[in-house]
Amino acid sequence: MTPGIRQDGARVVPLRPLRHEEGAIRVDVRAKHFGRTQVLRDVHFSVSRGETVALLGPSGIGKSTLLRIVAGLDRDFDGSVQRPEEMAMVFQEPTLLPWRSALQNLLLVHPGLTPSEARAALDRVGLKGREDAFPRALSLGQQRRLALARAFAGRPRMLIMDEPFVSLDPRLANAMLSLAEDLIAEQRPATIFVTHARAEADRLASRVLELRGTPATLTPHPI
Ligand SMILES: Nc1ncnc2c1ncn2[C@@H]1O[C@H](COP(=O)(O)OP(=O)(O)O)[C@@H](O)[C@H]1O
Ligand SMILES: [Mg+2]
């Protein structure tokens, strides 16, 4: 209901059934279609401040679609999403500018950082000495470390990660997972972590939500 003035002149104040917890995420997706195909139905969950929730499900089920909705990148759905304003995202692809150094890639997103803060942020993810390297000179693991540094340098209230550790060898994936675990513990954003690997979900998250079915919904239905 939108606030307004009724015909009899009384002010209409909308009822707020649920007070939104500050810094938390609340997702209510009744339906999401691509054309005539329904991909998601009745996906309702919330993530508290400082909580990490893993979103698990097989490839093609609708995990990235749901994340895009949660991030506000897709508004073409039936339902609503509430989230903090400051948000950081880590995708499968590190999405770096190839013609900028590691340090410049970080500063581009966080222009307010001093050079020593930016260097410290790179140091924190194990990129000391690689500040001036261009993305093509970095391994995939180093590129993903840079993506993590970029996500955490702004101390976001909310973090979204979409399969950030796929196609790394198990040892490296494990090291990256530990790094993300430590950064999350330090900063405690409300985190949604998408993965199709149960072990990753169990390790990083305090709660695991699973998408299943066509159209996909959460099972068991969590509140
Ligand atoms: N932009 C789009 N247009 C049409 N169909 C799409 C689009 N994006 C995703 N889909 C379809 O929606 C389903 C869910 O995709 P996605 O959310 O990427 O799955 P996941 O991330 O779980 O692998 C798939 O069947 C995919 O083909
Ligand atoms: Mg995906």
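The values are calculated or read from the model by the stated rules, or taken from the named source; none is laboratory data. Computed from a predicted model, the values in this text were never measured in an experiment. Positions of Cβ are backbone-derived with ideal geometry, glycine not excepted, and every protein chain shown enters the neighbour counts.
Considering only residues that are under 12 Å from the mean Cα position of the chain (by Cα) and more than 16 Å from ligand 2 (Cβ to nearest atom), which ones fall in segment 54-82? Gly72 - this is the single residue of segment 54-82 that is under 12 Å from the mean Cα position of the chain (by Cα) and more than 16 Å from ligand 2 (Cβ to nearest atom). Looking across segment 58-89, the residues that are crowded, with 19+ Cβ neighbours inside 10 Å and either part of a loop (DSSP other than H, G, I, E, B) or on the phi > 0 side of the Ramachandran plot (or both) come down to Ile61, Gly62, Phe77, Arg83.
One residue alone among Arg119, Arg75 is farther than 24 Å from Thr195 by Cβ and within 16 Å of ligand 1 (Cβ to nearest atom), and that residue is Arg75. Scanning segment 130-144 turns up no residue that is free of Cβ contacts under 8 Å to residues at least 24 places away in the same chain, assigned to a helix (DSSP H, G or I) and among the hydroxyl-bearing types (Ser, Thr, Tyr).
To keep it simple, each residue is scored yes or no on (1) farther than 19 Å from Thr214 by Cβ; (2) among the aromatic types (Phe, Trp, Tyr).
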position	(1), (2)
Ala24	yes, no
Phe34	no, yes
Ser48	yes, no
Glu51	yes, no
Leu55	no, no
Ser59	no, no
Ser80	yes, no
Pro94	yes, no
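Looking at the structure I just gave you, is Arg203 surrounded by fewer than 13 Cβ atoms within 10 Å (Cβ to Cβ) and modelled with pLDDT under 95? Taking the combined requirement at face value, the residue does not satisfy it. Pull up segment 141-164, narrow it to residues that are within 16 Å of ligand 1 (Cβ to nearest atom) and crowded, with 24+ Cβ neighbours inside 10 Å, then point me to the one that is farthest from Ile192 (Cα to Cα). My answer is Pro164.
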